[in-house]
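**Q** If you scroll down you'll find the structure; I have some questions about it.
Coordinate-derived values only; no laboratory data. As the structure is a prediction and not an experimental result, all values here were calculated from the model. So basically every Cβ, Gly included, is an ideal-geometry build from the backbone, and we count neighbours across all protein chains shown.
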Amino acid sequence: MIRLPYVPPLSSQEHEREKLRLTLTLQAMRQAHAFGAFSWQHQDPDEVDPLEPRAPRTCGCGSASSHRSDDDAAAGREHSAAAGEHPEPTETEWRLAVREAQLALDEQVLEINERIEEVREALDELV
């Protein structure tokens with residue numbers, strides 16, 4: 001009989017670490033959306049008050065353009081890629097990423113709860 005080495009499941013701490021990472025990821029994604037950081041959140045960038053928190057921001061490349069034109073989103077993506085930044089997600093990509101992160105977070109919470117239940121059962125057996 002062939003015996004495979006025992007591979008322990010993820011520890012509770014590893015699940016907690018992953019839960020924290022996913023929580024921070026979700027917060028960053030939601031904060032970027034709340035600040036109106038994406039070009040697809042603005043109907044007409046020329047009508048946005050620059051003092052308002054939802055105003056488009058420049059990318060910091062030194063260009064006079066804010067790279068937030070809805071007419072030329074591809075150019076903004078190319079500029080971001082050339083500057084070594086990640087390209088801006090489309091609204092659909094953003095929504096799917098948030099959903100994926102939320103599902104992964106929910107999975108980690110379920111795993112943590114299962115571990116807690118296993119510990120409780122073990123404690124009950126000892127008592």
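**Q** Residue by residue, what Karplus-based ³J(HN,Hα) values in Hz, rounded to whole numbers, does the stretch 97-111 have, using 6.51, -1.76 and 1.60 with θ = phi - 60° and x for Gly and Pro?
**A** With the stated coefficients, the stretch 97-111 comes to 5, 5, 5, 4, 5, 5, 5, 5, 5, 4, 5, 5, 4, 4, 4 Hz.
**Q** If you don't mind, there's one more thing I want to ask. Starting from the 7 Å offset along Cα-to-Cβ, what nm value, one decimal, do you get for the label separation of residue 96 and residue 14?
**A** Result: 2.9 nm between the two label points.
**Q** Work out from phi, with θ = phi - 60° and the Karplus expression 6.51 cos²θ - 1.76 cosθ + 1.60, the ³J(HN,Hα) of each residue of the stretch 88-96, listed in order in whole Hz, and give x for Gly and Pro.
**A** Result, ordered by residue: 5, x, 6, 4, 5, 4, 5, 4, 5 Hz.
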